[in-house]
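The values are calculated or read from the model by the stated rules, or taken from the named source; none is laboratory data. Computed from a predicted model, the values in this text were never measured in an experiment. When we count neighbours, we look across all protein chains shown, and the Cβ atoms used for this are built from the backbone with ideal geometry, even at glycine. Just the protein is used for accessible areas: all its heavy atoms, side chains included, with ligands, DNA and RNA removed. Shrake-Rupley method; radii C 1.70, N 1.55, O 1.52, S 1.80 Å.
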Amino acid sequence: MDTLRIFSRIAAVIPGPNVASLLLALRQSLTAGIGLWWEHWVPVLFPGYLLAKSLSQVFRRHPALWMLWGFLTAPTIPAMVLLDRRPHPDWSSVRPILLWSNLFNPLMFPRPEEGLWLDGFLLVAAALLVPWPKSPSPPAEPGWMARRWILDAMNWMTVFGAAVVVGQTFVTAFPSPVNAWFDPWTAHWLVPHLHWTGIFWLAWGGGWVLGVPVWWRIRLQYGAQPAAQFAGLRVLQAGIATILWYVGGPLLKLF
């Protein structure tokens, strides 16, 4: 923050566009993004990740484990954990898990009931697109490694923190509903009634910042065709969930 203050003072004496006001807006957006991450995301995702790790030792090979991962954290985490396994599972077993685990911790939403509804719509869409994963999920890591779990959780919190801060800059730079294409999370906290673009990108996997790394990892690991297939299935799932969101919207307002 001291560096930004110095640049703001320097920019104030530079002729041309109002650079100082832009830097001030940037500083405010970064501060808001860090506050949102620390106050609302970390208290939800950190214990959720540790709980998911603990339960993965109990339900080692059950496909529902990946749904639980998503419900306790966010879609990016179970997807990347699944793709990090050695040896790599075959694509036919990974594909349905990626759709069925595309869930969010409802406590990440300003109104948790909205998160529950979105998760329900995403599950309905997954059931319409791919069958329930029958093959056993890859085995969990052996033993209880709480120290490593805490380090992993801290690393994931850093990733999500960077996503919030980067997304906050897009929210500041672009008006609604354009900003929801880049960062549906921050826009969801700032806009009382999120535009359909924000719902769509949430349903796709959390926006560009959180969803694209999963697609890129699939492309590197399995090739271009599975990556295109994943993107297409996620688009269909997000589209169905968005339609269901607006069809069921009047019912949601009753709660």
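For the stretch 145-175, residues that are basic (Lys, Arg) and within 19 Å of Gln28 (Cα to Cα) total 0. Kindly establish whether Trp69 is over 25 Å from Ala224 (Cα atoms) and out of contact with any Phe, Trp or Tyr (no Cβ under 8 Å at 6 or more places or on another chain). Criteria met by Trp69. Applying the condition of being open to solvent by 70 Å² or more (accessible area, probe 1.4 Å), over 15 Å from Gly48 (Cβ atoms) and modelled with pLDDT of 75 or more to the stretch 149-181 and asking which residue is nearest to the chain's Cα centre (by Cα) yields Thr158.
In this entry, Ala32 passes the filter for residues that are part of a helix (DSSP H, G or I), in contact with a helix residue (DSSP H, G or I) (Cβ under 9 Å, 6 or more places away or on another chain), at pLDDT below 85 and aliphatic (A, V, I, L, M). Selection over the stretch 203-231 of residues that are in a helix (DSSP H, G or I) and within 13 Å of Ala125 (Cβ to Cβ) gives a count of 2. In the set Pro75, Pro89, only one residue is farther than 15 Å from Leu233 by Cβ and either in contact (Cβ under 8 Å) with a residue 24 or more places away in the chain or under 16 Å from the mean Cα position of the chain (by Cα) (or both); that residue is Pro89.
Hey, can you tell me all the residues within the stretch 43-58 that are among the β-branched types (Val, Ile, Thr) and at pLDDT below 90? Scanning the stretch 43-58 gives a single hit, Val58.
Yes or no: Arg219 surrounded by fewer than 17 Cβ atoms within 10 Å (Cβ to Cβ), in contact with a helix residue (DSSP H, G or I) (Cβ under 6 Å, 6 or more places away or on another chain) and within 24 Å of Trp69 (Cβ to Cβ)? Yes; evaluated as a whole, the condition is true for this residue. What is the one condition in (1) in contact (Cβ under 8 Å) with a residue 24 or more places away in the chain; (2) more than 17 Å from Leu233 (Cβ to Cβ); (3) over 19 Å from the mean Cα position of the chain (by Cα) that Trp69 does not satisfy? Result: Trp69 fails condition (3) only.
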